[in-house]
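Okay, so here's the structure we're looking at.
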Amino acid sequence: MFLYELAQVSKEYSLGDRAVPVLKNIDLQIKKGEFVSIVGPSGSGKSTLMQLLGCLDIPSSGVLRIGEHDVLALSDDQLASLRCRTIGFVFQSFHLLPSYDAVSNVSLASTYRGLPQGRERALQLLKDLGLGHRLHHKPNTLSGGEKQRVAIARAMINNPEVLLADEPTGSLDQQNGQMILDLLEQFHRQGKTIILVTHDSHIAARAHRLIEIVDGQIQTDHG
Amino acid sequence: MDKLKDGLHIAIVNLLANKTRSFLSILGVVIGIASVVTILAMTAGARADVIKKVNALGLSLYQVFSEYDEKSFRSGELDFQDIQNLKQLHFVVTAFPKLNFFKEIRSRHKTLMGNIVGIDPSYFKAKNLTVVEGRNVSPVEIERRATVCLVSRKLAETFFPESDPLGQSLFFSGNRWDIIGLYNQEEARRTRNKRSTQEMEILVPLETLLRTEKEVDFQSLEVHVNPDFKGNVKEEMLAVMEGQDPKRKGLYSVWDQQEYIQKRLEIDRILSLIMTIVASISLLVGGIGMMNVMLTSVAERTREIGIRRAVGARKKDILIQFLIESSVLSGIGGFLGIFLGASTARALPVLFHKVFQVGPQLNPVFALISMVSAVLMGGIFGLYPAIKASRLSAAEALRSE
């Protein structure tokens, strides 16, 4: 059973009257419970691929299936619902809301899902991630490692199928970076599908499958 | 319900995060609502004052005038018989002539000009006056054409500053008139232009006056009517005035105070409507100002919108969030505006008591209307920015810095 099935997926952006292709005819399958890393130099299209996998954007052509859903056939609301239930995001620049404390940032995602006890679960998740003493701190009073752990807690609160991490260690020092990668591995052991996007081959090596993207096409796929 | 609660929470957190901007964005709404509330309160106050004055006068006053007929070159005549005839109508409480009868009045020591008015005992009740000292004229005195009079307190003080005016006499129309009473004007009747003539006033029995004076010109007849009577007063009075004589047709007219007051209130209503519309324009400007700030806010918070979309917010959720935010903002603006407006309405008559002689009337309904319109305005002017926010693409919004 594949979690992701991509067939001939292309994505182009229009730049004025010119269409710039970013992804060209991608064929890719990812199984449930895999730990995949997507590597490539900047501008290779790996971030665009991640946006497609995360339903933040839709392909220009081709077929993209997530579970039993055909992404191109879904409405905007259905895509939002899919993001909410199935996908957790971790970004390089954390993307926390500056005016919310840690707990509110984490429970935000559960609000949109409409689940009860969002705050209680957010508190528990943050405590599990060693942030019990930072529950009511706002992002600007947290260190980089702490911010990224808050972001991971937010990604996990709706118990998603897949965790999409876009350069999660990019803004962190060595030690904090390691901690975040350890956390991703831990979630993988618990059965989550992890997709890690990075330009750093050392970090990518932590994954069990390595997909290399160059110039909008899959160059190598070792797994 | 939970979504709304959460929306309110989000709105308040964001408003507090940008205190200065929030305040500036609602300033226009505050001023707009304040000016609407002020105008509503002031015009309601003026209206209540008119109604109060009318109630003090009684709503049942009619006046009969003589008219000049251009075809027959004749004008109507008003005389004592007309008064007697009008009093025969079952709904007429009482009737008096209006005279313009200035005479030289003498006491033993002084001579002054005074206004002489012919009355009967019902005069005081009808005109809302009180006899404060002495007594009213009696039917016997009318019967005997007794030369007695009642004087205003002002006139009594002018003629008899030292001694008790009761029992003293005044001389006019070639007769000696004994003062039997003093009366006071009600406050409501003391309008500025009437004060001087009314204050130097002498009331005498009408029948006595008509006997002592040969030339008494009735300018008009003042007829007080039972306010409970619902029939056509004007028509019945005209019928009495014209009698069966076709020559008298068209020589009289009847003026209805209630009709006049209604017209005046109607004009007041139109004026207050116009002023409210003008004030609403400032509210509109306030709303546009708020829309501008909301648009800036949407542009600045593009990344926030992207984050919310990424964690699962639908377009609808973003739209509702910004609508709630702008409604809460303008609701707060409306709340502050009501207080500012109420305070202004109270302060104006104190600060400019020459211009605003009448105090405001603050009605909770105004507060409710203002509050509802403020919140609605937030929704209306917040709609465009909210739609803009909800249409942002999640991927692009996340890329923005």
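Which ones in segment B:231-242 are touching a residue at least 12 places away in the same chain (Cβ under 8 Å), in contact with a helix residue (DSSP H, G or I) (Cβ under 9 Å, 6 or more places away or on another chain) and over 16 Å from B:Leu61 (Cβ atoms)?
We begin by selecting, within segment B:231-242, every residue touching a residue at least 12 places away in the same chain (Cβ under 8 Å); these are B:231, B:233-234, B:236-238, B:240-241.
Add one more test, that the residue is in contact with a helix residue (DSSP H, G or I) (Cβ under 9 Å, 6 or more places away or on another chain), and what stays is B:234, B:237, B:240-241.
Correct list: B:Val240, B:Met241.
Can you find a residue that is within 20 Å of B:Val30 (Cβ to Cβ), part of a helix (DSSP H, G or I) and within 14 Å of chain A (Cβ to nearest Cβ) anywhere in segment B:296-313? Break it down stepwise before answering.
Of all residues in segment B:296-313, those within 20 Å of B:Val30 (Cβ to Cβ) come to B:296-297.
Subsequent filtering for residues that are part of a helix (DSSP H, G or I) retains B:296-297.
With the extra rule that they be within 14 Å of chain A (Cβ to nearest Cβ), the set shrinks to B:297.
Yes: segment B:296-313 contains one or more residues that are within 20 Å of B:Val30 (Cβ to Cβ), part of a helix (DSSP H, G or I) and within 14 Å of chain A (Cβ to nearest Cβ).
As an exercise: evaluate B:Leu295 against (1) within 30 Å of A:Cys55 (Cβ to Cβ); (2) at pLDDT below 90; (3) surrounded by fewer than 20 Cβ atoms within 10 Å (Cβ to Cβ); (4) not β-branched (Val, Ile, Thr) and give the number of the one condition it does not meet.
Going through (1) within 30 Å of A:Cys55 (Cβ to Cβ); (2) at pLDDT below 90; (3) surrounded by fewer than 20 Cβ atoms within 10 Å (Cβ to Cβ); (4) not β-branched (Val, Ile, Thr) one by one, B:Leu295 breaks only (2).
Can you tell me which of B:Ser60, B:Ser72, B:Ser66 is over 27 Å from the mean Cα position of the chain (by Cα), surrounded by 14 or more Cβ atoms within 10 Å (Cβ to Cβ) and among the hydroxyl-bearing types (Ser, Thr, Tyr)? Steps first, please.
Values: B:Ser60 fails: over 27 Å from the mean Cα position of the chain (by Cα); B:Ser72 fails: surrounded by 14 or more Cβ atoms within 10 Å (Cβ to Cβ).
None of the other options fit; the residue is B:Ser66.
Of all residues being over 23 Å from B:Leu348 (Cβ atoms) and at pLDDT 85 or above in segment B:23-47, which is farthest from the chain's Cα centre (by Cα)? Just the residue, please. Write out each step before concluding.
From segment B:23-47, those over 23 Å from B:Leu348 (Cβ atoms) are B:23-26; that's our starting set.
Of the ones still in play, those that are also at pLDDT 85 or above are B:23, B:26.
Numbers: B:Phe23: 37, B:Ile26: 33 Å.
Taking the candidates together, the pick is B:Phe23.
So which residues in segment B:1-43 are crowded, with 16+ Cβ neighbours inside 10 Å, more than 14 Å from chain A (Cβ to nearest Cβ), among the hydrophobic types (A, V, I, L, M, F, W, C) and within 30 Å of A:Asp101 (Cα to Cα)?
Correct list: B:Ile26, B:Leu27.
Give the residues of segment A:87-126 that are charged (D, E, K, R) and more than 24 Å from A:Asp166 (Cα to Cα), sorted by residue number. Outline the logic, then answer.
Keep residues of segment A:87-126 that are charged (D, E, K, R), which gives A:101, A:113, A:119-121.
Within segment A:87-126, A:Arg119, A:Glu120, A:Arg121 meet the criteria.
Considering only segment B:88-127, state which residues are in a loop (DSSP other than H, G, I, E, B), under 21 Å from B:Met200 (Cβ atoms) and out of contact with any Leu (no Cβ under 7 Å at 6 or more places or on another chain).
First, pick out the residues of segment B:88-127 that are in a loop (DSSP other than H, G, I, E, B): B:89-91, B:100-101, B:107-110, B:120-122, B:127.
Now drop any that are not under 21 Å from B:Met200 (Cβ atoms), which leaves B:100-101, B:107-110, B:127.
Within segment B:88-127, B:Asn100, B:Phe101, B:Arg108, B:His109, B:Lys110, B:Lys127 meet the criteria.
Can you tell me which residue is surrounded by the fewest Cβ atoms within 10 Å (Cβ to Cβ) among those in segment A:138-162 that are within 12 Å of A:Lys192 (Cα to Cα) and more than 13 Å from chain B (Cβ to nearest Cβ)?
By that ranking, first place goes to A:Glu161.
Is it the case that some residue within segment B:315-323 is in contact (Cβ under 8 Å) with a residue 12 or more places away in the chain, away from chain A (no Cβ under 14 Å) and under 17 Å from B:Met42 (Cβ atoms)? Working first, answer last.
Step one: of segment B:315-323, the residues in contact (Cβ under 8 Å) with a residue 12 or more places away in the chain are B:315-323.
After this cut, where a residue has to be away from chain A (no Cβ under 14 Å) as well, the list is B:322-323.
Checking the rest, the ones that are also under 17 Å from B:Met42 (Cβ atoms) come to none.
The answer is no; no qualifying residue exists.
For segment A:1-118, which helices (runs of 4 or more DSSP H) that fit wholly inside it have 2 or more residues that are out of contact with any Ser or Thr (no Cβ under 7 Å at 6 or more places or on another chain), closer than 30 Å to A:Gly144 by Cβ and more than 10 Å from chain B (Cβ to nearest Cβ)? Give the derivation first.
Values: elements: A:46-53, A:76-86, A:102-113.
By residue number, A:46-53, A:102-113.
The values are calculated or read from the model by the stated rules, or taken from the named source; none is laboratory data. All values reported here derive from a predicted model rather than from experimental measurement. Cβ: placed from backbone, ideal geometry, glycine included. Neighbour counts: every protein chain shown.
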